[in-house]
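Worksheet: one structure, shown below.
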Amino acid sequence: MKLSAIDEYSTFLYHQGTNYASYRLFGAHFTVLRRKPCVRFAVWAPHAQQVSVVGDFNHWDADANPMERSSCGNGIWVTHIAGLQEGDIYKYAITTASGERILKSDPYAFWSEVRPNTASKLTKLHYAWRDKKWMDSRSAYDSYRKPMLTYEVHLGSWRRDEDGEMLSYRDIAPQLVDYVKQMNYTHIELMPLCEYPFDGSWGYQGTGYFSATSRYGKPEDLMYLVDLCHRNGIGVILDWVPGHFCRDAHGLRHFDGDPCYESGNPMLAENKEWDTMNFDYGRTEVQSFLISSALFWLSQFHIDGLRIDAVANMLYLDYGHADGDWQPNKYGGRENLEAIEFLRHLNTAVFKEYPQALMIAEESSAWPLVTKPVDVGGLGFNYKWNMGWMNDMLRYMSLDPLFRKDNHNLITFSLCYAFSENFILPLSHDEVVHGKHSLLDKMPGDYWQKFAGLRAFYGYWMSHPGKKLLFMGSEFGQFIEWKYDDSLDWHLLKYPMHQAMHDYVRSLNTYYVDHPELWEEDCDWSGFSWISCDDCDNSVIAFYRTGKDESDMTVVVCNFTPVVRHSYRFGVPRKGTYVEVFNSDATAFGGSNVLNEGEFEAQDVPMHGMDQSLELTLPPLATIYLQLTGSAKKKAVTKRRRRRTVKTDKAADGTVKKTAKAPGKKATTRGKGKAKTAASEKKTAATRKRRPGRPAKKEADV
């Protein structure tokens with residue numbers, strides 16, 4: 001990695017809040033000074049009386065390697081130390097303004113000790129990337145008109161070894177990539193990997209904003225995981241947490257004895273609800289730090305996008321505060337003006353460097369224009385999690401079907417605002433913990449009805465406008481809540497209903513990816529039309545999705561009751577012959593096999609404001625997809641074939657490393673014939689780049 005010289009230009013940018021590669025300026029870097037190899041250390045500690053570097057190499061002697069205050073920047077300390085090796089551990093010994101000596105990890109460290117140890121470690125971040133084809137393709141990538149089907153993963157609990165220990169980045173890479181390909185996801189989203197001290201925080205209370213957590217190995221091992229994803233056509237999104245940081249003594253809190261990264265006002269600095277500290281977004285050095293962190297993961301680790309956690313906590317001064325325990329802004333309002341400007345600054349900087357990056361806001365309020373450009377008053381993200389849809393639908397699906405008719409608006413309300421932002425529909429980790437039950441266990445009814453209800457819900461979710469995200473384990477119907485310190489219950493795949501659910505989700509994923517009408521016009525009304533949204537008595541809805549090509553159309557009908565609806569008539573948008581191409585009630589998916597087999601000619605019977613209609617049987621607790629025969633045949637002919645194996649690497653001896661196969665088997669879905677019940681035959685197969693600033697003089701790097 002190339003260094004930035006510690007000169008007036010680079011430090012000016014840093015103090016101005018526009019040094020977007022400040023990780024090249026600060027931290028520990030192997031370099032050459034006066035023809036001698038050494039490591040340059042640099043840290044910002046504006047209130048310190050003295051700073052030195054300590055570690056095993058000098059027996060933690062704070063007097064052995066003192067740092068000098070640079071004349072180029074306010075509070076920047078620098079030193080060079082020879083004879084150090086990659087993997088050596090170090091900290092900064094800081095003498096505070098009050099004379100106390102404290103030890104701090106390096107805020108810009110690229111590597112850290114494995115918890116519970118807290119020292120920083122030296123590394124050169126050397127990795128030979130092999131994902132050039134993927135990286136080159138990103139310049140032409142238009143996520144708005146492409147499928148985005150994301151698998152959310154917590155690496156420490158997706159799968160563990162036979163002894164219950166966490167897998168390393170390299171061990172999990174082939175297994176996870178193979179599994180994601182089999183399941184037809186387009187992206188994975190990794191829960192936070194910036195170094196963090198406490199496993200139970202899941203990574204959302206961090207200390208190392210440039211340090212990939214050492215729980216799973218070296219930084220280069222994470223690079224290998226990302227590289228393998230890219231070489232197999234899978235995008236990688238990383239959860240990133242600029243909203244708050246943990247209070248641990250070795251971290252950012254009171255870094256030099258006084259507030260540096262947090263506000264000096266406790267009302268603004270302390271996040272009492274989470275027992276963490278909020279960043280001071282008005283401080284320009286913090287802006288350089290955080291924006292550099294975002295760009296670091298996108299550039300050095302080839303991450304394709306960042307999901308910004310807890311944006312509401314950043315936007316509102318009273319978020320998580322009791323009345324009287326927060327301080328209004330200068331206009332008397334509750335909006336955090338500095339945070340708003342920071343988010344705009346962040347997104348502007350990211351998109352200038354990486355125009356096709358995914359910047360995703362987890363924003364739980366009704367804040368307007370989250371995904372609109374900064375120059376029209378927006379926050380500048382390109383996607384937002386649709387928390388309103390998620391809350392409404394999980395509430396609806398948890399109701400006894402008898403009471404759903406009185407809450408029909410919970411299904412339909414999301415279409416009142418579905419195109420006000422560019423939405424992702426999340427079914428995330430937050431919904432399957434803390435007594436909320438797993439998605440499967442949220443469903444009411446007996447054992448069969450729980451699975452049927454979840455399949456119906458997934459069918460509706462996949463066809464609703466918006467990109468998609470599903471948390472790991474939900475694809476095979478994990479019954480218990482997610483546990484961060486244990487593996488998913490993969491053994492459930494030995495049971496028929498869980499295996500059938502697994503097959504269903506894979507087939508549903510395949511249908512989504514192969515049908516442009518479900519994602520090509522996600523952000524506009526032109527891709528969605530209601531057929532029937534008011535049949536609350538039967539708890540039935542019907543709509544259709546269309547793509548840019550008029551022949552790309554899927555009609556969707558959902559029955560959210562356990563009652564078979566015989567001879568149910570609904571309007572259809574076009575004349576022609578329709579076929580049922582997907583049915584969540586198929587036997588292959590654990591259903592009762594109430595299918596609409598054969599071809600159905602649209603009848604000239606007006607219904608739902610349309611000139612034609614169909615009369616079909618609606619299976620219980622199920623979602624069905626219909627297509628015109630010409631379109632269905634076209635899809636069958638042009639359906640893309642996917643390779644189900646992971647690209648392998650050759651070892652040094654020339655042998656090929658074999659990849660582990662994840663559980664699961666291939667399944668397709670396609671209904672045939674006329675409507676049949678469970679007693680009938682079971683034959684079915686429902687099938688921008690820029691440099692952050694003018695380059696300054698550089699030291700030679702090793």
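The values are calculated or read from the model by the stated rules, or taken from the named source; none is laboratory data. Computed from a predicted structure; not experimentally measured. Please note: Cβ atoms are built from the backbone with ideal geometry, for glycine as well, and neighbour counts cover all protein chains shown.
Give the stretch 280-339 a look and list any residue that's over 23 Å from ARG24 (Cβ atoms), of a type outside the set (A, V, I, L, M) and in a helix (DSSP H, G or I), or say none.
Within the stretch 280-339, ASN313, GLU338 qualify.
Could you list all residues from the stretch 591-623 that are crowded, with 24+ Cβ neighbours inside 10 Å and more than 15 Å from SER567 (Cα to Cα)?
Within the stretch 591-623, GLY591, LEU621, ALA622, THR623 qualify.
Quick one: which helices (runs of 4 or more DSSP H) lie wholly within the stretch 407-492 and hold at least 1 residues that are among the hydroxyl-bearing types (Ser, Thr, Tyr)? Working first, answer last.
Working: elements: 409-412, 439-442, 447-463.
Output list reads 409-412, 447-463.
Tell me yes or no: at least one residue of the stretch 524-537 is within 25 Å of the chain's Cα centre (by Cα) and in a loop (DSSP other than H, G, I, E, B).
Yes.
If we scan the stretch 85-103, do we find a residue that is under 28 Å from the mean Cα position of the chain (by Cα) and among the hydroxyl-bearing types (Ser, Thr, Tyr)?
no
Collect the residues in the stretch 595-611 that are touching a strand residue (DSSP E or B) at 6+ places or on another chain (Cβ under 6 Å), under 27 Å from ARG506 (Cβ atoms) and part of a loop (DSSP other than H, G, I, E, B), keeping them in residue-number order.
Correct list: ASN596 only.
Would you check if TRP134 is hydrophobic (A, V, I, L, M, F, W, C) and under 30 Å from GLY547 (Cα atoms)?
When the stated conditions are applied, TRP134 passes them.
Inside the stretch 225-283, can you point out the residues that are of a type in the set (Gly, Ala, Ser) and surrounded by fewer than 23 Cβ atoms within 10 Å (Cβ to Cβ)?
Selection gives GLY233, ALA249, GLY257, SER263, GLY264, ALA269, GLY282.
Criterion first (within 30 Å of VAL78 (Cα to Cα), surrounded by fewer than 22 Cβ atoms within 10 Å (Cβ to Cβ) and at pLDDT 95 or above) does ARG115 satisfy it?
yes
If you scan the stretch 421-453, which residues turn out to be of a type in the set (Gly, Ala, Ser) and more than 21 Å from the chain's Cα centre (by Cα)?
Passing the criteria: GLY435, GLY445, ALA452, GLY453.
Is it the case that the stretch 44-63 has a residue that's under 22 Å from SER299 (Cβ atoms) and either crowded, with 19+ Cβ neighbours inside 10 Å or in contact with a Cys (Cβ under 9 Å, 6 or more places away or on another chain) (or both)?
Checked the stretch 44-63: at least one residue is under 22 Å from SER299 (Cβ atoms) and either crowded, with 19+ Cβ neighbours inside 10 Å or in contact with a Cys (Cβ under 9 Å, 6 or more places away or on another chain) (or both).
Working carefully through the options ASP524, ASP485, find the one that is farther than 28 Å from SER592 by Cβ, surrounded by fewer than 21 Cβ atoms within 10 Å (Cβ to Cβ) and at pLDDT below 95.
ASP524
Output the number of residues of the stretch 211-224 satisfying the condition of being crowded, with 24+ Cβ neighbours inside 10 Å and part of a helix (DSSP H, G or I).
The number of residues fulfilling the criteria is 2.
Name every residue in the stretch 66-83 that is farther than 17 Å from THR96 by Cα and not hydrophobic (A, V, I, L, M, F, W, C), in order of residue number.
Correct list: SER70, SER71, GLY73, THR79, HIS80, GLY83.
Have a look at LEU290, LEU317 and point out the one that is in contact with a strand residue (DSSP E or B) (Cβ under 9 Å, 6 or more places away or on another chain), aliphatic (A, V, I, L, M) and within 30 Å of ILE234 (Cβ to Cβ).
LEU290
Determine, yes or no, whether ARG253 is of a type in the set (Lys, Arg), in a loop (DSSP other than H, G, I, E, B) and touching a strand residue (DSSP E or B) at 6+ places or on another chain (Cβ under 6 Å).
yes
Looking at SER398, SER414 in this structure, which one is more than 21 Å from the chain's Cα centre (by Cα), of a type in the set (Ser, Thr, Tyr) and crowded, with 19+ Cβ neighbours inside 10 Å?
SER414
Could you grab me the full set of residues in the stretch 1-14 that are surrounded by fewer than 20 Cβ atoms within 10 Å (Cβ to Cβ) and either part of a helix (DSSP H, G or I) or in contact with a strand residue (DSSP E or B) (Cβ under 9 Å, 6 or more places away or on another chain) (or both)?
MET1, LYS2, GLU8, TYR9, PHE12
Checking the structure you have, find out if any residue of the stretch 542-551 is within 21 Å of SER414 (Cβ to Cβ), surrounded by fewer than 20 Cβ atoms within 10 Å (Cβ to Cβ) and touching a Pro at 6+ places or on another chain (Cβ under 9 Å).
Restricting attention to the stretch 542-551, the residues satisfying the condition of being within 21 Å of SER414 (Cβ to Cβ) are 542-547.
Next, from what is left, pick out any that are surrounded by fewer than 20 Cβ atoms within 10 Å (Cβ to Cβ): 547.
If we keep only those that are touching a Pro at 6+ places or on another chain (Cβ under 9 Å) as well, we get 547.
Taking every residue of the stretch 542-551 in turn, at least one turns out to be within 21 Å of SER414 (Cβ to Cβ), surrounded by fewer than 20 Cβ atoms within 10 Å (Cβ to Cβ) and touching a Pro at 6+ places or on another chain (Cβ under 9 Å).
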